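One structure is given below, encoded as C-alpha cells.
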Amino acid sequence: MDERDPPPVDPNLELELDGVVVLNGSVDPDTAPIARDDEKDDDDDDDGPFFSGELFARLVRFTLPTMAIWLSGPILSMVDTAVVGRASTLELAAMTPGGVYVDYPSYLLSSALAVATTTLVAQERMKRRRADGDSDASTTVSDAVALAALLGLVVAVVLAVAAAPAVAKFAGPRSAAVVPAALTYATIRCLGVPFALVASVAQASFLACKSPAQPLLAVGASGVVNLIADVVLVCGLGWGIGGAAAATVASQAVVAAALVYLLLKQGREGGVGATAATGKGNTGGEGGGVVDDFNDVDDVRASYYEGGVILEDAEIEAEIEADEDAVTPPSLRAVPRSIPGLAEATRFLKIAGPVCFLNSIKVLFVASLVQAVTAISPASSAANGVMTAIYFFFAVMGDGVSQAAQTFLPPVLGSRRATGTAAMLLIAAAGLGALNAVASAGVALAMPGLFTKSAEVVAIMAECAPAMSVALALHTASMGSEGCLLAARDMKFMSLCYAPNAALAYGTLTACVGSFGMGASALWVALAQFHACRLAANGVRMFVLPGRRSPLRRKLAE
C-alpha cells in the first residue's frame, strides 16, 4: 500500500471525524480519523446538540401538508356522514357497518403497500445519491402501482361477493333494520377499492421523496368532487346513502387519476434523479461531495477525499441539511401494462407482509369494538358513526407524525441524531394530541346538529365525547412512536406487543358493557387504553433500553 493512501478503516466501526485535514486527495497522518467501536463506547456518539431547530423546521414543513393529505379520507367520510345524517337517521346508522366492511380491508392493504413503497422509494433515492447507477425508483413506483391495481381488483370482487352475509352478521339482530341500506352503501363502495390502493402507493411515493405538494393538490381536487357530488346526488337527486357512496367512489377515482398523471408528467420531464443528485463522485463545485447519510463511512470519506479541503463537523452537517432539503419528485415512465414478476413482488411483500400482519391485528381489534357498539341499537350505531367520523378527522395528525418519522428517521438511524429526532417527533405529537382532544370534544358537544337531527343520537354523542377526546390525545403520540419503530423496522417487537394489547383492550370493552352497563362510550374507553399501553411500550423500547438494544441506535441494512 502506498504511504500516501488513506489508512484502512473497519466498515463495521463508526468514525469520529473532527477537523480531518485532506491534502491532495489523501489523509494527513497526523490528523487521520480514528475508528472506534460503538459497542464499547455507546455514549460517545451522543455528544452535541440533542435537538435541532433546523430539523424541527423541516419536520414542520413536511408534516403540515402531509396531515392535510391524510385528511382526504376523513373529510370524505365526514361530508358523507353530515349529508346522509341530516336526511335519515337510519341511513346514518347503516353507514357504520357498510363503511367498516369496505374501508377496513382497504386500509389493511393500502397501508401495508404504502409503507413498502415509502421504504423502497427512499432506499432507491439514497442509492442513487450515492452514485450506484443501476438504481431507479421509477421502476419501484411502476411495480407499486401495478400491484395496488391488481390487489384492489381482487379485493373489490371478493368483498362484493361476500357483502350480503358479512354485513348482516356485522350489524347483528338488534340492528337488522340497517342491513339493506348498509348493503347498498358497501356494494357501491367496493368499486372504489382499486382507486384507493393506487392512490395510496402513488401518494406514498411522493411523500418518500419529501414532496407533499403534488398529493396535496390531488387530495384537494378529490374533496371538491366529493362535496359537489354529495350535494347533487344526495340532496338534489335524493339518492340517499347510495348517492353518498357514489360520490366517494368518484372522488377516489379522481385522486388516483390525478396522482398517476402527476407521476407520468414527472417521468416525461426527466424522472427521479434528473436534477442534481449528489454523492460519491459528484463534487459539486470546489468542495467535496454532499454527504447523504451522516454515519455512512464511505460517503463521509468520499466527501473528504475528493475535494482536498478541510471540513469541520458543523460544515459536514450543514451539507447534510442542504441535501435533505432537496426535493426530487418521483416519476412513472408509462402506465404499467403487466404484472410485476415474482422477484419484484417479493421486494414489496418482505416489507408489506409484516406491516399487514400488524395492521390486521389493529383492524380486527377496532372492528370488534365497532361491531359490539353497532349491535346495541341503531341509535348507538348512528352515534358511533358520527363519533368515528370526528375521531378519524382529527386522527390524521397522528398519521402525519408517523409518516414524518418513516421519512426522516431512516437516514439517521444509528447516530446520535436518531434519538433526538424521535424525541422531537413525540413531543410535537403530544402537543398535537392535546389540541386534538379539545377540538374533537368541542365538535361533538357543540355542533352535533351538523350530523343528525335525532335527540337520542345527540345524547349518545355527548356521553362518548370525553372518552373519545382522551383516546385522540393518546392516539397522536402513540402513532408517532409506531412510526419511529416502523422506520427502524422493529416488526418483531411490534408483533409481540399488538396481540396482547388488543386482547386486553377488548377485555376492557367487555367489562365496561357487561359489568358496568356502559353503552357506546365503552368503545372509546377501550381504545384509549389501547393507545396508552402502546405508547408506553414503544417509549420504553426506544428511550429506556440501553445502547444498541434500542432500535434507534441500529442502522438499517440496505
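The values are calculated or read from the model by the stated rules, or taken from the named source; none is laboratory data. Note that this is a predicted model, so its numbers are computed, not measured. Cβ placement follows ideal geometry from the backbone for every residue including glycine, while neighbour counts extend to all protein chains displayed.
Taking the range 139-169 only, how many residues are hydrophobic (A, V, I, L, M, F, W, C), buried (at least 22 other Cβ atoms within 10 Å of the Cβ) and over 14 Å from THR117 (Cα atoms)?
Of the residues in that region, 2 qualify.
Would you check if GLY242 is without any contact (Cβ under 8 Å) to a residue 60 or more places away in the chain, over 19 Å from THR140 (Cβ atoms) and in contact with a Ser or Thr (Cβ under 8 Å, 6 or more places away or on another chain)?
Values: without any contact (Cβ under 8 Å) to a residue 60 or more places away in the chain: yes; over 19 Å from THR140 (Cβ atoms): yes; in contact with a Ser or Thr (Cβ under 8 Å, 6 or more places away or on another chain): yes.
Taking the combined requirement at face value, the residue satisfies it.
Does the range 248-269 include one or more residues that are modelled with pLDDT of 50 or more, in a helix (DSSP H, G or I) and aromatic (Phe, Trp, Tyr)? Step through it out loud before you land on a result.
Filtering the range 248-269 for residues modelled with pLDDT of 50 or more gives 248-269.
Cutting the leftovers down to in a helix (DSSP H, G or I) gives us 248-268.
Next cut, aromatic (Phe, Trp, Tyr) only: 261.
There is at least one residue in the range 248-269 that is modelled with pLDDT of 50 or more, in a helix (DSSP H, G or I) and aromatic (Phe, Trp, Tyr).
If the condition is being free of Cβ contacts under 8 Å to residues at least 40 places away in the same chain and farther than 30 Å from ALA499 by Cβ, then the range 343-384 contributes only ALA343.
Inclusion of VAL363 among residues that are aliphatic (A, V, I, L, M), part of a helix (DSSP H, G or I) and assigned by TED's automatic domain parsing to the domain that holds VAL525 is warranted.
When the residues of the range 497-515 are filtered to those that are in contact with a helix residue (DSSP H, G or I) (Cβ under 6 Å, 6 or more places away or on another chain) and among the hydrophobic types (A, V, I, L, M, F, W, C), the one that is modelled with the highest pLDDT is ALA505.
Per the conditions (1) of a type outside the set (Ser, Thr, Tyr); (2) surrounded by fewer than 24 Cβ atoms within 10 Å (Cβ to Cβ); (3) modelled with pLDDT under 80; (4) touching an Asp or Glu at 6+ places or on another chain (Cβ under 9 Å), the sole criterion not satisfied by PHE408 is (2).
Among the residues of the range 488-498, none qualifies, meaning not one is closer than 19 Å to PRO466 by Cα and exposed (fewer than 14 other Cβ atoms within 10 Å of the Cβ). Tallying residues that are buried (at least 24 other Cβ atoms within 10 Å of the Cβ), of a type in the set (Val, Ile, Thr) and more than 13 Å from THR248 (Cβ to Cβ) within the range 177-211 yields 3.
Residue check: is LEU435 out of contact with any Lys or Arg (no Cβ under 9 Å at 6 or more places or on another chain) and either more than 21 Å from THR508 (Cβ to Cβ) or without any contact (Cβ under 8 Å) to a residue 60 or more places away in the chain (or both)? Criteria met by LEU435.
Conditions tested, residue by residue: (1) outside any helix (DSSP H, G or I); (2) buried (at least 19 other Cβ atoms within 10 Å of the Cβ).
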{"residue": "ASN436", "(1), (2)": "no, yes"}
{"residue": "THR452", "(1), (2)": "yes, yes"}
{"residue": "GLU456", "(1), (2)": "no, no"}
{"residue": "ILE460", "(1), (2)": "no, yes"}
{"residue": "MET468", "(1), (2)": "no, yes"}
{"residue": "LEU485", "(1), (2)": "no, yes"}
{"residue": "ALA505", "(1), (2)": "no, yes"}
{"residue": "LEU509", "(1), (2)": "no, yes"}
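Let me confirm something: among ILE316, ILE351, which residue is modelled with pLDDT under 80 and surrounded by 14 or more Cβ atoms within 10 Å (Cβ to Cβ)?
Working: ILE351 fails: modelled with pLDDT under 80.
Sole residue among the options that is modelled with pLDDT under 80 and surrounded by 14 or more Cβ atoms within 10 Å (Cβ to Cβ): ILE316.
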